[in-house]
Amino acid sequence: MSEKPHHLAIIMDGNGRWAEARGLPRMMGHRAGVEALKSTLRLCSDWGIAALTAYAFSTENWSRPGDEVNFLMTLFERVLQKELRTLEEEQVCIRFLGDLDALPLKLQELISEATERTAANAGIHFNVCTNYGSRQELVQATRALALQVQRGELDPEAIDERALAAQLHTAGQPDPDLLIRTSGEQRLSNFLLWQLAYAELHVTDVLWPDFDAAALTNALVDFQGRQRRFGGVQEEI
Ligand code: FPP
């Protein structure tokens, strides 16, 4: 099998440890993490992967020290301001998944601008999960369906997987077929719990800022070696 994933999801972990190992403040790890994300996006685009979804900030990340949260919000703003033109030129279609209303107003405005200006781009779909939590997403989807039932617009019998998936932030997008998590942690951390139901998992000890072409190649080779059965049995060749 020489298949590459169509949709790659990444939990970018290990920025803090990367910085601490160098005697640097944690924030420097996040800054280096942005560079790793930029090069991973470009590689995915060059290698014909249709979609990349990255976990940038979880609903749980608000509990980090205020300085770090502020730094991350400002970093997202700066990166968006600086990179928007390149995203447009490289035909990237960027979207932000999560509860965006809770983000600083300036960041919300930059997100709207980037989303609108890249919406018609024909290249890679780049989802940035920002203030994202999968359980919250499922609760909100359930509530939306319940409201439709209450208003008499939806028959409860008509609620199926498709109806629920249509209420998620990822509505209309194919599920990821490969999840990469860096820094060796073997957890999902409230990331795309519904969407990753059949994804292959690749955990690497590489810390996110060190994630490069070789690390991505390793993940893709690992994926190619898997037999994807979706709960069925392997077909005879
Ligand atoms: C996890 O490392 C990383 C984060 C919580 C932040 C990820 C954000 C980026 C890489 C920047 C992305 C930028 C844009 C514009 C999308 P950690 O801090 O949990 O590391 P640790 O586990 O070693 O402490």
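The values are calculated or read from the model by the stated rules, or taken from the named source; none is laboratory data. No experiment lies behind these values; they were computed from the predicted model shown. Counting neighbours? That spans all protein chains shown, and the Cβs are built from the backbone with ideal geometry, glycine included. Just the protein is used for accessible areas: all its heavy atoms, side chains included, with ligands, DNA and RNA removed. Shrake-Rupley method; radii C 1.70, N 1.55, O 1.52, S 1.80 Å.
Computed quantities for the displayed model
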quantity	calculated
Prolate/oblate/rounded call for the stretch 19-141, Cα gyration tensor, a/c under 1.5 rounded	oblate
Magnitude of the charge dipole, the chain, Cβ model with Lys/Arg +1 and Asp/Glu -1, debye to 20	500 debye
Val203, Val79, ranked by accessible area, largest first (probe 1.4 Å)	Val203, Val79
Within a Gaussian network of the chain (alpha carbon springs, distance under 10 Å), most fluctuating of Leu24, Leu154, Leu196	Leu154
FRET efficiency estimate (nearest 0.05) - Cβ-Cβ, Gln167 to Leu105, R0 35 angstrom	0.85
Shape of the stretch 131-237, Cα gyration tensor, a/c cut at 1.5	oblate
CD proxy at 222 nm, helix term only [per DSSP H run n ≥ 4: -39500 (n - 2.57); per residue of the chain; nearest 500]	-13500 deg cm²/dmol
Sequence of Trp18, Trp62, Trp208 when ordered by accessible area, the most exposed leading, probe 1.4 angstrom	Trp62, Trp18, Trp208
Contour minus Cα-Cα distance for Arg226 and Ala50 (0.36 nm per residue)	61.4 nm
Chain lengthening between Asn70 and Glu89 when straightened (0.36 nm per residue, less Cα-Cα)	3.9 nm
Rounded percent of accessible protein surface that carbon and sulfur make up, the chain, 1.4 Å probe	51 percent
Mean accessible surface per residue for the chain, computed with a 1.4 Å probe while every protein chain stays in place, in Å²	54 Å²
Globularity index of the chain, i.e. its alpha-carbon radius of gyration over 2.2 N^0.38 Å	1.05
Set of lysines with alpha-carbon distance to Lys82 below 21 Å, sequence-local pairs under 8 removed	Lys38, Lys106
Sites Gln150 and Thr115, calculated FRET efficiency, Cβ-Cβ separation with R0 30 Å, nearest 0.05	0.50
Anisotropy class of the stretch 135-181 from Cα gyration tensor, a/c 1.5 cut	prolate
GNM top mover of Thr59, Thr142, Thr130 - the chain, alpha-carbon springs below 10 Å	Thr142
Residue order for Arg162, Arg17, Arg22 - accessible surface, 1.4 angstrom probe, largest first	Arg162, Arg22, Arg17
